Amino acid sequence: RVIGMGQGAGRPTFTWDTAGASVLLNVANVSLENLILNMGGDGTASTITDPVTISAAGCSLIDCDIQTEVDADSGSAVAITTTAAADNLTIERCHVHGDGDGTLVTTQVLFIGCDDLLVKDCTFIGLTSAASTGVVQFSTTASLRIRMENNVYINKKAASTAAVQSIGNGLANTG
């Protein structure tokens, strides 16, 4: 477990500031807690491709502030991506937000085959690169036994038609 001490802006901050920067949660039962994760870069022009990839079972993100985009030219294409091995993932009490114009952000979180997923008491707010793209997406391999409880999903993209989106895995598209 990586647990940050402090409150608000006084918590430890991890900043991704180069295109290839990434953290791999590829060992089971790793937990990142009470951290500021600035996946939007440091304000200099950069697109962070895959800042966090979760590919092991039992991992969690708890009480984290996750910034996906700083401005029009500093952000992450997909801030958090899972693989089909990321079963029993918990994302709880996290605030995921982007402050740019959505130019760089395809989606904030991409779930691929993430079975027994719990997303609880989180806020996802930002702009995506297209009006039909959700800030949260389920794609490719179906995610089974999903629990999404007491969350807020806001896509600020003009004429947005999706906040949570499914692409080809049988979930209903909800906007």
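Number of residues in segment 49-103 that are open to solvent by 40 Å² or more (accessible area, probe 1.4 Å), modelled with pLDDT of 95 or more and of a type in the set (V, I, T) equals 1.
Here L127 meets each of (1) hydrophobic (A, V, I, L, M, F, W, C); (2) surrounded by 15 or more Cβ atoms within 10 Å (Cβ to Cβ); (3) free of Cβ contacts under 8 Å to residues at least 40 places away in the same chain; (4) closer than 30 Å to D73 by Cβ with one exception, condition (3).
Scanning segment 154-168 finds no residues that are within 19 Å of V52 (Cα to Cα) and open to solvent by less than 40 Å² (accessible area, probe 1.4 Å).
Inside segment 8-41, can you point out the residues that are modelled with pLDDT of 95 or more, not small (G, A, S) and not in a strand (DSSP E or B)? Within segment 8-41, R11, P12, N26, V27, N29, V30, N34, L35 meet the criteria. Number of residues in segment 97-124 that are in contact (Cβ under 8 Å) with a residue 40 or more places away in the chain, at negative phi and either in contact with a Lys or Arg (Cβ under 8 Å, 6 or more places away or on another chain) or of a type in the set (A, V, I, L, M) (or both): the value is 1. Given the criteria free of Cβ contacts under 8 Å to residues at least 60 places away in the same chain and more than 17 Å from V136 (Cβ to Cβ), does I36 qualify? Answer is yes for this residue. For M148, the criteria (1) open to solvent by less than 10 Å² (accessible area, probe 1.4 Å); (2) of a type in the set (A, V, I, L, M, F, W, C); (3) not in a loop (DSSP other than H, G, I, E, B) hold in every case but one, which is (1).
The values are calculated or read from the model by the stated rules, or taken from the named source; none is laboratory data. Values in this document were obtained by computation on a predicted structure and should not be read as measured data. Heads up, the Cβs are rebuilt from the backbone with ideal geometry, glycines too, and the neighbour counts pull from every protein chain shown. These area figures cover heavy atoms from the full protein model, side chains too; ligands, DNA and RNA do not enter into them. Shrake-Rupley method; radii C 1.70, N 1.55, O 1.52, S 1.80 Å.
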